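To start, the structure under review is shown below, and the notes come after it.
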Amino acid sequence: MTRPDRWRVAAALAASLLAHAAVFALLPGPVAPPLPDGARFTVLLIPVPGERRAESDRSVAPSLAIPSAEEGTKPAVRPRKAEQATAPAAQLGRRRPWVSAGPITMPVPPPQSRLADAGDYVPSERLSVQPRFVVPFEMPYPRGAFEAGRRAVVVVQVMIDERGKVAEAIADSDAPAEFAAAAAAGLRAARFTPAQAGGGPVKARAYFAVSFVIE
C-alpha cells in the first residue's frame, strides 16, 4: 500500500470514530440511584509524585501580628491578685516610724504615784542636775497603731531613784491606751544618770513627753 493510500485509510478510521462518539453522546446514560439520608462521601486524595501539595497560608498580616518587645525591655505584665493584695503592705513598709522622748515641765495635774515613799522624790524644779538618759532612748512603735497610721504624744511621770533606776512610770490618763502602755513600758526600761540636789544624788520626779511619729 502506497503512502497516499495509508493516509486515506487513517482519515476514514478517524471519521468513523468521531461519528460513533457523537452517537454515544446522544444516548441517555445510566441514572445513579439516590443516596440515603445522612450518607457522606469520603474523598481520598492521592498525591502525584513530583507534585507540590497545596497548603493553607498560616502567615499573619503585619498589622495583626503581636508586636515583639524591644531588645532590653520587658512586656508589661498585669499584676496578679496576690501582688495587688500585698501592694498596701509594701507601701506601708516604705514609711518609717520612730519614737522619741524628751523632758518637759510638770503637767497640771500630775499623775498620782502609787509608791509608798513618793514624798521622798524631789520635784524637777528643785533639782540642781536633771536626770539624763545613759543611752539614747529607744523603743518599738506599737504595731497595731503603726499599721493603722496612728500617731500620738504621751506625757509620762517617771520616778527615778538615787541610783538612776526607774521605780515607776505612769502615763497620762488622757492618752490613748495603746500608746500610754507603750510609752510607760519604754521609759520603765530606760536607765538614767542620777539627779542631784543639795550636792548629791537624790530620788527625783521627772516628766517626759514620748512622741510617736510616722514619716
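Looking at ALA89, ALA76, ALA65, just one residue is at pLDDT below 95 and assigned to a helix (DSSP H, G or I), and that residue is ALA89.
With the condition being among the β-branched types (Val, Ile, Thr) and out of contact with any Gly (no Cβ under 7 Å at 6 or more places or on another chain), I'd like the strands (runs of 3 or more DSSP E) fully within region 116-215 carrying at least 1 qualifying residues. It comes to 152-160, 166-171, 200-202, 204-214. Take PHE146 and decide whether it is within 40 Å of the chain's Cα centre (by Cα), in contact (Cβ under 8 Å) with a residue 60 or more places away in the chain, at negative phi and surrounded by 14 or more Cβ atoms within 10 Å (Cβ to Cβ). Yes, satisfied.
Being modelled with pLDDT of 95 or more, under 46 Å from the mean Cα position of the chain (by Cα), buried (at least 18 other Cβ atoms within 10 Å of the Cβ) and not aromatic (Phe, Trp, Tyr) narrows it down to one of VAL202, VAL213, VAL156, so name that one. Spell out the reasoning first.
Details: VAL202 fails: under 46 Å from the mean Cα position of the chain (by Cα); VAL213 fails: buried (at least 18 other Cβ atoms within 10 Å of the Cβ).
Result of the check over VAL202, VAL213, VAL156: VAL156.
Filtering region 111-136 to residues that are surrounded by 15 or more Cβ atoms within 10 Å (Cβ to Cβ), over 14 Å from PRO194 (Cα atoms) and modelled with pLDDT under 95 leaves only PRO111.
Does ARG151 satisfy the criteria of being touching a Ser or Thr at 6+ places or on another chain (Cβ under 9 Å), modelled with pLDDT of 95 or more and either at positive phi or of a type in the set (D, E, K, R) (or both)? Judged against the criteria, ARG151 is a match.
The values are calculated or read from the model by the stated rules, or taken from the named source; none is laboratory data. Since we're looking at a predicted model, the values are computed, not measured. Quick reminder, even Gly has a Cβ in these numbers, built from the backbone with ideal geometry, and neighbours come from all protein chains shown.
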